[in-house]
Ligand code: FAD
């Protein structure tokens, strides 16, 4: 429903959450300005998964043709034991998700997914007014002297007024600080390596060829660490996420460059196929400390509200952080669409009411997976593996 007044929304942050929100709000006929601190819009060189909950939202925004051009579809998700790669669980994805959830489970290169969202936001032929995007625009302050027109002020003094302001500025959200919300960030004690391995290197080696025979999302479970990998761009790259205890250096700096050898060395004694695979990583391996937020009910103040990692940063142990941000975006747009400016605060309250509890449950479940994935070998690990075997074929996405 198009509101009787098409009012202005300022979105701070042009990541996957901010751009999905901008597009969803555009679809409601609202005039959206995105302020992004980076000189160019884009995403890191890594993979991302969208389970049916997020794929459904993206498809609902009219992106089917564009997503079909960039996605890779895993048939299933296989869980393997660290020492010998034996299968401890298999969850059907592929056709199963489409049949059961009426939406697919897809993998992408993050930059591709972000580009699709950006192009849809800017497309002059799209529904509603095209989104206005300002890069090199780091929001440093909010001027809320008129509570009905919050103003985002950039660090070089530019001012952007709107009828509502959304902080989609990520885990270290400045908007959140300026709202006076409590600091709910916690260090997990773990860090993640990210790497891309060229698919042709994987295919050329008999030790890793099996990875391209059948597109699967794979999780290896081991004592105090786990490893995730899946293909993106239909086999152009194998995406690697390796979560291990954090070193002091990474904890202090948040993020450091790492080498392929660092990545291989993080899995001593694992099944030979693991080092055979990891040793093929390109040299631009990155490594960063994993932080998450405690469950957090403070998502809004007046006409300023938060979305995505700014309010519910979670461990990536369910691959749901961006997907939850997309759910925020869809609900926010549903609530803001169709209301007049006088009803914006009530619409934001409904948004928070519909989203905070659910996102909190996903935050908690992601944190619980830190223990569940990392049991040392012993009774708890055996009970977990037994549970995963029974779970085979089912998923609840
Ligand atoms: P961000 O992506 O952090 O975007 C915030 C944006 O705001 C950035 O562009 C930043 O430059 C900008 N910004 C920050 N401050 C300012 C400012 N003051 N002014 C202007 N702009 C500003 N999620 C999934 O759903 N599926 C997955 O498979 C998945 N895999 C993951 C794997 C790993 C290893 C990790 C760490 C996370 C993973 N996630 C996944 C989680 C996901 O990456 C995040 O939850 C998601 O990117 C958050 O999106 P966002 O838009 O809220 O924040």
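What follows draws every value from the coordinates through simple rules; no lab data is involved. The model shown is predicted, which means the values in this text are computed figures rather than measured ones. A quick note on method: Cβ atoms are made from the backbone with ideal geometry, for glycine too, and the neighbour counts reach across all protein chains shown.
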Could you give P(r) for the range 201-256, binned at 10 Å from zero, as whole percent values over all Cα-Cα pairs? 20, 40, 27, 13, 0
Quick check: the distance between the Cα centres of the range 17-55 and the range 317-345, to the nearest angstrom? 12 Å
Distances longer than 18 Å among the Cα atoms of the range 54-127: what percent of all pairs is that? 50 percent
Exposure-ranked with fewest Cβ neighbours within 10 Å first, 132, 36, 249 stand as 249, 132, 36
Here the Cα Rg-to-2.2 N^0.38 Å ratio for the chain is 1.00
In whole Å, what three semi-axes, largest first, describe the equivalent ellipsoid of the range 154-197 built from its Cα gyration tensor (square root of 5 times each eigenvalue)? 29, 17, 10
Over all Cα pairs of the range 248-303, how is the pair count split among 5 Å bins, expressed in % and running from 0 up to the last occupied bin? 4, 16, 17, 15, 13, 10, 7, 6, 6, 4, 2, 0
For helix 321-336, what angle does its Cα long axis make with the longest principal axis of the chain, in degrees from 0 to 90 and rounded to 10? 20 degrees
Folded to 0 to 90 degrees: helix 110-122 orientation relative to the chain principal axis, Cα: 20 degrees
Least to most buried among 187, 372, 267, by other C-beta atoms within 10 Å and fewest first, runs 187, 372, 267
Residue with peak Gaussian network fluctuation, the chain [Cα springs, cutoff 10 Å], from 387, 280, 370: 387
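How would 176, 100, 80 line up from fewest to most surrounding beta-carbon atoms within 10 angstrom?
Ranking 176, 100, 80 by Cβ neighbours within 10 Å, fewest first, gives 100, 80, 176.
Which semi-axes, in whole Å and largest first, does the equivalent ellipsoid of the range 1-144 have when worked out from the alpha carbon gyration tensor as the square roots of 5 times its eigenvalues?
34, 19, 13
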Percent of all alpha-carbon pairs of the range 275-391 at distances over 26 Å, whole number, is 42 percent
Would you compute, from DSSP H runs of 4+ residues alone, the mean residue ellipticity of the chain at 222 nm, taking -39500 (n - 2.57) per run and dividing by the full residue count, rounded to the nearest 500? -10500 deg cm²/dmol
Overall dimensions of the range 288-338 as given by Cα atoms, namely Rg and Dmax in Å: 12.2, 41
